[in-house]
Amino acid sequence: MNLTFGKSLKHTVFWILFLVLWSAHDLNYHKDILSNLQTNLFTFIPYVILVYFNLYFLMPKFLFSKKIMNYIVFLVFTITLTTLATSNYLSFYFKYINIYLPTSDFFISLQGKIAIVTEIILSLGLSMTLFLIDEWYRKERSMREIEQKQLETELNLLKNQINPHFLFNSLNSIYIMLSKNLEDGKKMLLQFSEILSHQLYEANKKSIDLKKEFDNLTNYIDIEKIRHEDLVTVEYYFPDDQNNLTISPMLLLPIVENAFKHGQSSQGYQISIQSSIISDSTLLFKVENTISKEIVKTPYGENNGIGLANVKRRLALIYPNRYQFNIEHNSAKFIVRLKIQLNENEVFNSR
């Protein structure tokens, strides 16, 4: 039997309350408060033994193992044995040791045994009820902790899927630019260092300022614009006032990265990135890109990789019932729309 301090305190309070309440009940029959307390105190010694024998041996061995009949048989046998032992124990104590109590023979009478059985059943019933409630709360708390750890593990795995993918693309872009234009390559390298800093110090946080997420997107967009030179036309807008909102880091990047990756065309392509904040804490984020002929040849969704699927999963885990994520595409354009309630204390408007 392993009792922590918290459990020991609960058990102590339980027995004190039980003793006080039962002694108060006995005042209806015996007006001597000291006599009642002393009688019940010595009565409780076998009761305490029985209760813990039931809680930590009979219940785990039989009841929790679905051996119901075995549990009932052993419990009835234990109650009977405890009743006989208690009646003789109390009769002996109050007859030969505590001689001031004149009713010592009461405990070995049928009425006395019925009273003892009643107290035993009451103590067993209350203790089992409280024990099972405590076990239920403990298991619920344990399940929530396990689910939280699983959630954190999955989110970390999703972030780790983003990081190598993004870093590889960025390094590849810098390598290409350094071989073409040293000055532009240096600029890209500086911006990449800021992105890397964001990866190292911000990506592992649960949430960051929305401004930091926008700044990271700006650095990424600038790198891609330099890399693709005149082939890509990018229009983007991020609001200056973010109302001190926060967002899960690296949530928006895969959407923007997807547009650059799958919109590429030797004939040039266009990307539009628009964002706004409505109702003080709802972010609207829209990314639209033209689709190259090479992409049109196959269903566009087959070429999206883990990026958008990653975003969908993270949204479901972090912002349940607080977002809308829609994808539209035809032979010419691919559009991703995200509406997300960043303040969990406000009601999400799906319209």
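Nothing in this text is a laboratory measurement; each read-out follows from the coordinates by a stated rule. Since this is a predicted model, take the numbers as computed values, not measurements. Because the Cβ atoms are built from the backbone with ideal geometry, glycine has one as well, and the counts that use them run over all protein chains shown.
Assorted remarks:
- The stretch 143-341: relative contact order in percent, alpha carbon pairs under 8 Å with at least 6 residues between: 18
- Converting phi to 3J(HN,Hα) with the Karplus coefficients 6.51, -1.76 and 1.60 and the offset θ = phi - 60°, the stretch 119-132 yields 5, 5, 4, 5, 5, 5, x, 5, 5, 5, 4, 5, 5, 5 Hz in sequence order, with x at every glycine or proline.
- Residues in the stretch 195-207 carry Karplus couplings, in order, of 5, 5, 4, 4, 4, 6, 10, 10, 5, 8, 7, 5, 8 Hz; the curve used is 6.51 cos²θ - 1.76 cosθ + 1.60 with θ = phi - 60°, and Gly or Pro positions show x.
- Packing, taken as the mean count of other beta carbons within 10 Å per residue, orders the peptides 66-79, 140-153 from highest to lowest as 66-79, 140-153.
- Overall form of the stretch 143-341 per C-alpha gyration tensor (a/c, 1.5; a/b vs b/c): prolate
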